[in-house]
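To keep things clear, I will list the structure first and then write my remarks on it.
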Amino acid sequence: MHQDIESVLMSEAALQKRVAELGEAISRDYAGKEILMVCVLRGAFIFMADLARAITVPVSIDFMAVSSYGASTTSSGVVRIIKDFDEAVEGKHILIVEDIIDSGLTLKYLYNQILSRKPASVRICTLLNKPERRKAEVPVDYNGFTIPDAFVVGYGLDYAEKYRNLPYIGILKPSVYGEK
Ligand code: 5GP
């Protein structure tokens, strides 16, 4: 285990198993349809890559980047679109792929943005969910894991751009971000 990690919350095997289950559920629900998967950068990139391969209906993919916390561990509530998607949304079945929903502020904003572009449908798939900290309600259609209120890294998630390449999800030692 990495020296900055306090404990492993989801092992590599547990992540793979859950992603396979999500892929099966999504493939069943979208039978006969095509999905435009929208990855919210950067934290969801690994989840998106694994999930796309676990889905058996036709998919296209696109990427959207929003402002993140930077080197802080709480949401400012201010959401900025840094990269908009390239594909037209109108008339398509959109699946938003998120790494984690915390306050819900980021996703609420994105969800409304996408809805205003007249898609055929919009659903949300998140790998992790921290419902305790929710400030804005968003409809979560697919949820990988509900986790306690701790700051986690790995499997795409960072702290100050580090730890994204850990193959598991772990709780970061608070001493790393300056709390005892
Ligand atoms: P929200 O707007 O829901 O508060 O924040 C969502 C975004 O905050 C996520 O997409 C993620 O980038 C970041 N975030 C929230 N909680 C965590 C966490 O525990 N670890 C990491 N690495 N990022 C988090």
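The values are calculated or read from the model by the stated rules, or taken from the named source; none is laboratory data. Note that this is a predicted model, so its numbers are computed, not measured. Note: ideal-geometry Cβ built from the backbone for every residue, glycine included; neighbour counts use all protein chains shown. Heavy atoms of the whole protein, side chains included, go into the accessibility calculation; ligands, DNA and RNA do not. Shrake-Rupley method; radii C 1.70, N 1.55, O 1.52, S 1.80 Å.
Per-structure values
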{"quantity": "The stretch 101-180: C-alpha gyration tensor shape, a/c 1.5 cut-off, then a/b vs b/c", "calculated": "prolate"}
{"quantity": "Relative packing of peptides 35-42, 21-28, 129-136 - highest average C-beta neighbours within 10 Å first", "calculated": "35-42, 21-28, 129-136"}
{"quantity": "5 angstrom amide H check on residue 122, placed H, neighbours 5+ away", "calculated": "94"}
{"quantity": "Portion, in percent, of the accessible area of the chain that falls on carbon or sulfur, probe 1.4 Å", "calculated": "50 percent"}
{"quantity": "Whole-Hz couplings from phi, Karplus 6.51/-1.76/1.60, listed for the stretch 32-48; x for Gly and Pro", "calculated": "x, 10, 10, 10, 9, 7, 10, 8, 8, 6, 9, x, 8, 5, 6, 4, 4"}
{"quantity": "Residue-span extension gain [residue 60 to residue 149] - 0.36 nm each, minus C-alpha spacing", "calculated": "28.7 nm"}
{"quantity": "All lysines inside 23 Å of residue 135 as judged from Cα atoms, apart from same-chain residues fewer than 8 positions distant", "calculated": "108"}
{"quantity": "Set of lysines near residue 33 by C-alpha distance (under 21 Å), chain-local residues within fewer than 8 positions excluded", "calculated": "92, 118"}
{"quantity": "Mean ellipticity per residue at 222 nm, deg cm²/dmol - from DSSP H runs of n ≥ 4 across the chain, formula -39500 (n - 2.57)", "calculated": "-7000 deg cm²/dmol"}
{"quantity": "Radius 12 Å from Cβ of residue 41, net charge of other residues (Lys, Arg +1; Asp, Glu -1)", "calculated": "-2"}
{"quantity": "Heavy-atom accessible area order for 93, 2, largest first, 1.4 Å probe", "calculated": "2, 93"}
{"quantity": "Rounded to 10°, Cα long-axis angle of helix 105-115 versus longest principal axis of the chain", "calculated": "10 degrees"}
{"quantity": "Contour minus Cα-Cα distance for residue 120 and residue 161 (0.36 nm per residue)", "calculated": "11.3 nm"}
{"quantity": "Theoretical gain in end-to-end length, residue 6 to residue 29 [0.36 nm per residue, Cα-Cα removed]", "calculated": "4.5 nm"}
{"quantity": "Partners for residue 162 among lysines (Cα-Cα distance below 17 Å; same-chain residues under 8 apart left out)", "calculated": "173"}
{"quantity": "List 106, 126, 146, 56, ordered by accessible area with a 1.4 Å probe, largest first", "calculated": "56, 146, 106, 126"}
